[in-house]
Each structure stands twice: as C-alpha cells, then as structure tokens.
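Worksheet: one structure, shown below.
The values are calculated or read from the model by the stated rules, or taken from the named source; none is laboratory data. Predicted model only: the values in this text are computed from it and were never measured. Reconstructed Cβ throughout: ideal geometry from the backbone, glycine too, with neighbour counts over all protein chains shown.
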Amino acid sequence: MIEIQTLATGSTGNCYMIDDGRTQLLIECGISFRNIQKALDFKTSNIAGVLVSHEHKDHCKAVKDVADRGLDIYMSQGTADAISIMHHRIRPIECKKTFRLGTWTILPFDVQHDAAEPFGFLIANDAGDKLLFATDTYYIKYKFSGLTHLMVECNYSYKILSENINSGRIPEFLKNRVMKSHFSLENVITFLKANDLSKVQEIHLLHLSDSNSDEKLFKKEVQAATGKLVFVP
C-alpha cells in the first residue's frame, strides 16, 4: 500500500510525499523547507531521500535548505549542473539505471521538457506496489506494466488553451511553449490507454494550469477513459 500526500502542486511550487509504511520519500522540493516541515507536522527525520525531476524553481526551490538539513537529494547530472549548487548531499543519478532508497527501487527515465536533463521516476517497493511519477513533459515515449499508482501531470486541454488564445486571455507566443513543455489532458488519456492499467488503484493528476485547465472536467474525462479512481490534489 502506498500513501500519497500532495504538499504543493502547480506553477507556484511542487512537493509530494510517498510512504509505503516503511520508507518515506519526497518527490520535488519546490516550496520552502519551512512549508515542507509544516505540511509534514515537522516529521522529516524518516525521509530517506528527495527526488528532483528538473531544475525549474517550482520543483527545486528548497534544494539547498533540504540538503543543509541532512537529506540526500537525487537528480540527473544535467539538473545538478543547471541548479549550480555544490553540496555533498546532492547525488547525481543516471537515466535508466536503478538505485535503492530504503524499501524503494527507483528507475529514472527521460521525459520531454525545456530543461537540461529532466527525469520521470518509476518507483517500486518490496511489497509489489509500483508508482509512476511524471511531470513537466509533453509526452512519455515508454510503456509500463504492473503499475498500481500514477502521479502524472495534466496541465491543460487543447480546447481550453485555444479558447484562451482566441479570446486574447493568453498571448499567442505562449502556445508553443505550453504545448512543447507540458502534458495535455488529451495526451494524458492517450498515454493511459496505451498502458496496462489492470492493477492501477489510483491516478493523481498533477500540476494543473491556473488558466488552461478545468479540474472537474479533467477528473471526469480521465475516470471515464480508465475506470479508475482519480484524484486532483
């Protein structure tokens, strides 16, 4: 069993905690360490490590403070170079090379985003649970089997984005940036349908745009497409 806690999600900051009852992991640290502490009732001593997907501030804002507090932080070498913080707690990891943190086995994989070397993570525990985490990518080229939990970005829909551009609410020049950097509702559904969801217990839709999304619609559409329990934190 995996417990997923969203501390923050969206363009203002991202941070998540996963717990299998034996080992706790943080994914992203895009909010202040003080706010991380508050969200976890100041119980951070059991965190085995922190995974960071890429160098954008809404995902890595607290890297230095987290490292100074004695937590190891795992990211690609490209992300570490882009963040430019030298610290012995920052541990570079390699694409498609697994590593262990407590009861978790973690496989980083490449995603598509306007960042130096962004990663998604396939995270499995000793009990047979398997979680996919992917954010800030406009598609995922891999297929996965045996997933029990998904945490995936669902940033915008083509229809809402187009309506906002046509009405002048969103500048035209931002369209390509959004479409080449973030996961749309339509692409998320295509990705989900291409994968084996037979064991999936929960789907968490992350990082919704403030202006180009519709929480109720996204939840309804993904539930209809998958028949699974969907959360929009």
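Only one of G49, G120 is modelled with pLDDT of 95 or more, in contact with a strand residue (DSSP E or B) (Cβ under 7 Å, 6 or more places away or on another chain) and closer than 22 Å to S181 by Cα. Can you tell me which?
The unique qualifying residue is G120.
Could you tell me which of the residues A115, A80 is within 26 Å of T12 (Cβ to Cβ) and part of a helix (DSSP H, G or I)? Outline the logic, then answer.
Values: A115 fails: part of a helix (DSSP H, G or I).
None of the others qualify; the one that does is A80.
For segment 12-19, check the following and say yes or no: at least one residue is loosely packed, with under 15 Cβ neighbours inside 10 Å and over 13 Å from the mean Cα position of the chain (by Cα).
Keep residues of segment 12-19 that are loosely packed, with under 15 Cβ neighbours inside 10 Å, which gives 12.
Filter once more, so that each one left must be over 13 Å from the mean Cα position of the chain (by Cα): 12.
Yes, because at least one residue in segment 12-19 is loosely packed, with under 15 Cβ neighbours inside 10 Å and over 13 Å from the mean Cα position of the chain (by Cα).
Determine which member of the set L131, L206, L161, L217 is modelled with pLDDT of 95 or more and farther than 23 Å from G30 by Cα. Before you say what the answer is, go through the steps one by one.
On the way: L131 fails: farther than 23 Å from G30 by Cα; L206 fails: farther than 23 Å from G30 by Cα; L161 fails: modelled with pLDDT of 95 or more.
Being modelled with pLDDT of 95 or more and farther than 23 Å from G30 by Cα holds for just one of L131, L206, L161, L217, which is L217.
Given the criterion at pLDDT 95 or above, polar (S, T, N, Q), assigned to a strand (DSSP E or B) and surrounded by fewer than 21 Cβ atoms within 10 Å (Cβ to Cβ), identify the matching residue among T190, T105. Steps first, please.
Details: T190 fails: assigned to a strand (DSSP E or B).
Just one listed residue meets the conditions, T105.
If you go through segment 164-187, how many residues are part of a loop (DSSP other than H, G, I, E, B) and either under 25 Å from E28 (Cβ atoms) or not hydroxyl-bearing (S, T, Y) (or both)?
At the first step, the residues of segment 164-187 found to be part of a loop (DSSP other than H, G, I, E, B) are 167-173, 180-183.
Right, trim to either under 25 Å from E28 (Cβ atoms) or not hydroxyl-bearing (S, T, Y) (or both) and you get 168-173, 180-183.
Looking only at that region, the number is 10.
Looking only at segment 130-158, count every residue that is of a type in the set (A, V, I, L, M, F, W, C) and part of a loop (DSSP other than H, G, I, E, B) and tell me the total.
Of all residues in segment 130-158, those of a type in the set (A, V, I, L, M, F, W, C) come to 131-134, 140, 144, 147, 150-152, 154.
Right, trim to part of a loop (DSSP other than H, G, I, E, B) and you get 140, 144, 147, 154.
Residues flagged as of a type in the set (A, V, I, L, M, F, W, C) and part of a loop (DSSP other than H, G, I, E, B) within segment 130-158 amount to 4.
Between residues in segment 1-17 that are part of a loop (DSSP other than H, G, I, E, B) and residues that are of a type in the set (A, V, I, L, M), which pairs lie under 7 Å by C-beta distance while being six or more apart or on different chains?
I2/I18; I2/L131; T9/L206; G10/L208; G13/I31; N14/A8
Looking at G146, G227, G168, which one is surrounded by 12 or more Cβ atoms within 10 Å (Cβ to Cβ) and at positive phi?
Values: G227 fails: surrounded by 12 or more Cβ atoms within 10 Å (Cβ to Cβ); G168 fails: surrounded by 12 or more Cβ atoms within 10 Å (Cβ to Cβ).
Selected residue: G146, the only one of G146, G227, G168 that is surrounded by 12 or more Cβ atoms within 10 Å (Cβ to Cβ) and at positive phi.
I'd like the full set of residues that are closer than 24 Å to S211 by Cα, of a type outside the set (S, T, Y) and out of contact with any helix residue (DSSP H, G or I) (no Cβ under 7 Å at 6 or more places or on another chain), limited to segment 6-47.
Once the filter is applied, which keeps residues that are closer than 24 Å to S211 by Cα, of a type outside the set (S, T, Y) and out of contact with any helix residue (DSSP H, G or I) (no Cβ under 7 Å at 6 or more places or on another chain), segment 6-47 yields A8, G10, I31.
Could you grab me the full set of residues in segment 18-44 that are within 19 Å of I106 (Cβ to Cβ), among the polar types (S, T, N, Q) and assigned to a loop (DSSP other than H, G, I, E, B)?
T23, the sole residue that qualifies.
Output the residue which, of all residues in segment 52-88 that are in contact with a strand residue (DSSP E or B) (Cβ under 6 Å, 6 or more places away or on another chain) and not aliphatic (A, V, I, L, M), is farthest from P118 (Cα to Cα).
Top of the filtered list is D72.
Could you give me the residue pairs with C-beta distances under 7 Å whose first residue belongs to segment 159-177 and is closer than 20 Å to F218 by Cβ, whose second residue is loosely packed, with under 10 Cβ neighbours inside 10 Å wherever it lies, and which are 6+ apart or on separate chains?
Sorted first by the residue in segment 159-177, then by its partner, the pairs are I165/E172.
Specify which of the listed residues (R100, R91) is at pLDDT 95 or above, surrounded by 14 or more Cβ atoms within 10 Å (Cβ to Cβ) and in a strand (DSSP E or B).
Just one listed residue meets the conditions, R91.
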